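Engineer: My questions will all concern the structure given below.
The values are calculated or read from the model by the stated rules, or taken from the named source; none is laboratory data. All values reported here derive from a predicted model rather than from experimental measurement. Here the Cβ is made from the backbone with ideal geometry for all residues, glycine too, and neighbour counts use every protein chain on show. Ligands, DNA and RNA are excluded from the accessible area calculation, which covers all protein heavy atoms including side chains. Shrake-Rupley method; radii C 1.70, N 1.55, O 1.52, S 1.80 Å.
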Amino acid sequence: MDMISIIGTILGFLVIILGTVLKGSTVGALWNPAAFVIVFFGTLAALLVQNQGRVLKHALSMMRMVYRPPQHRPSDLISRIVGWSEISRRQGLLGLEPQIEAETDPFVSKGLQLLVDGGEPDAIRSVLEVDLDTREAIDLAGAKVYENAGIYSPTLGIIGAVMGLMAVMQNLADPSKLGHGIAAAFVATIYGVALANLFMLPMAARLKGLISKQSQMREILIEGLVSIAQGDNPRQIESRLQGYVE
């Protein structure tokens, strides 16, 4: 679990709650069913119109990456690639077959299988780069869902506030209802702006960063496998791949 992301999410809620209390209001003032429906379900409606179902489903599955991100250790991957290179020099490419069965990452398994099957370096690179680009595009589309939610929700918040003020205008004859009505109207704005800037936009940025790191790991793997297919020396391979490590 990524404790920093968890702390950030909790802190986001606390900022709104404590800010409300310190301003002299009550926590109960933050709850307004009408504002909730307008902002949250309105944002969902916009996302449903914009995206295909499979994109939304993938976006939901990606949410766990924010709080349980995959481990990206380029140095460990480079060490494994160098180990594969040493095996291939001692036993030939067929000596890597046991490594395929031990792999849990389909991308790694596919790359090793192409190598063991005697694929040409250019063919290996071409096939794996297509997979990399496809996966990156799918993941970026999922991250874009959160970015778009962060764009739509503030606008829905404004719509909710305007609708609330319209209701207030209908009760101008009763001054006792004006203060409560105006406060309730602006709750929608709080929902929309907070949802965008404390949650959706940060999540989209975090996911894009994780996708970039995952693509970098796969680029290292592709370069390493191509180098093995070319018969490069393990030390040369290690030196070349170290250029990917910050």
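Engineer: Taking into account only those residues within the range 74-105 that are among the charged types (D, E, K, R), out of contact with any Ser or Thr (no Cβ under 9 Å at 6 or more places or on another chain) and without any contact (Cβ under 8 Å) to a residue 40 or more places away in the chain, which is surrounded by the most Cβ atoms within 10 Å (Cβ to Cβ)?
Structural biologist: Residues of the range 74-105 that are among the charged types (D, E, K, R), as a first pass: 76, 80, 86, 89-90, 97, 101, 103, 105.
Cutting the leftovers down to out of contact with any Ser or Thr (no Cβ under 9 Å at 6 or more places or on another chain) gives us 76, 80, 86, 89-90, 97, 105.
Now restrict to residues that are without any contact (Cβ under 8 Å) to a residue 40 or more places away in the chain: 76, 80, 90, 97, 105.
Numbers: Asp76: 11, Arg80: 15, Arg90: 8, Glu97: 12, Asp105: 12.
Per the stated criteria, the residue is Arg80.
Engineer: Next question, about the same structure. Give the residue that is nearest to Leu207 (Cα to Cα), with candidates limited to residues of the range 37-60 that are touching a helix residue (DSSP H, G or I) at 6+ places or on another chain (Cβ under 8 Å) and polar (S, T, N, Q).
Structural biologist: Initial filter on the range 37-60 (touching a helix residue (DSSP H, G or I) at 6+ places or on another chain (Cβ under 8 Å)): 38-40, 42-43, 46-48, 50-51, 55-56, 58-59.
From what is left, the residues that are polar (S, T, N, Q) are 43, 50-51.
Values: Thr43: 20, Gln50: 20, Asn51: 18 Å.
Among those residues, the one meeting the criterion is Asn51.
Engineer: Could you please give the count of residues in the range 62-73 that are part of a helix (DSSP H, G or I) and either more than 23 Å from Ser5 (Cβ to Cβ) or without any contact (Cβ under 8 Å) to a residue 24 or more places away in the chain (or both)? Talk me through it step by step, then tell me what you get.
Structural biologist: Here is the first cut: in the range 62-73, the residues part of a helix (DSSP H, G or I) are 62-67.
Now drop any that are not either more than 23 Å from Ser5 (Cβ to Cβ) or without any contact (Cβ under 8 Å) to a residue 24 or more places away in the chain (or both), which leaves 64.
Residues in the range 62-73 being part of a helix (DSSP H, G or I) and either more than 23 Å from Ser5 (Cβ to Cβ) or without any contact (Cβ under 8 Å) to a residue 24 or more places away in the chain (or both): 1 in total.
Engineer: Which of the following residues is of a type in the set (A, V, I, L, M, F, W, C), farther than 30 Å from Ser61 by Cβ and not in a helix (DSSP H, G or I): Ala167, Ala173?
Structural biologist: Numbers: Ala167 fails: not in a helix (DSSP H, G or I).
Answer to the check: Ala173.
Engineer: Also: Given (1) under 30 Å from Tyr152 (Cα atoms); (2) among the small types (Gly, Ala, Ser); (3) over 27 Å from the mean Cα position of the chain (by Cα), identify the lone condition not met by Ser227.
Structural biologist: Here Ser227 clears every test but (1).
Engineer: Quick one: which of Ala35, Ala59 is modelled with pLDDT under 90 and either among the charged types (D, E, K, R) or part of a helix (DSSP H, G or I) (or both)? Explain how you work it out, then say what you get.
Structural biologist: Values: Ala59 fails: modelled with pLDDT under 90.
Step by step, each of Ala35, Ala59 is checked, and only Ala35 is modelled with pLDDT under 90 and either among the charged types (D, E, K, R) or part of a helix (DSSP H, G or I) (or both).
Engineer: How many of the residues in the range 1-19 are open to solvent by less than 40 Å² (accessible area, probe 1.4 Å) and touching a Lys or Arg at 6+ places or on another chain (Cβ under 9 Å)?
Structural biologist: So the count comes out to 2.
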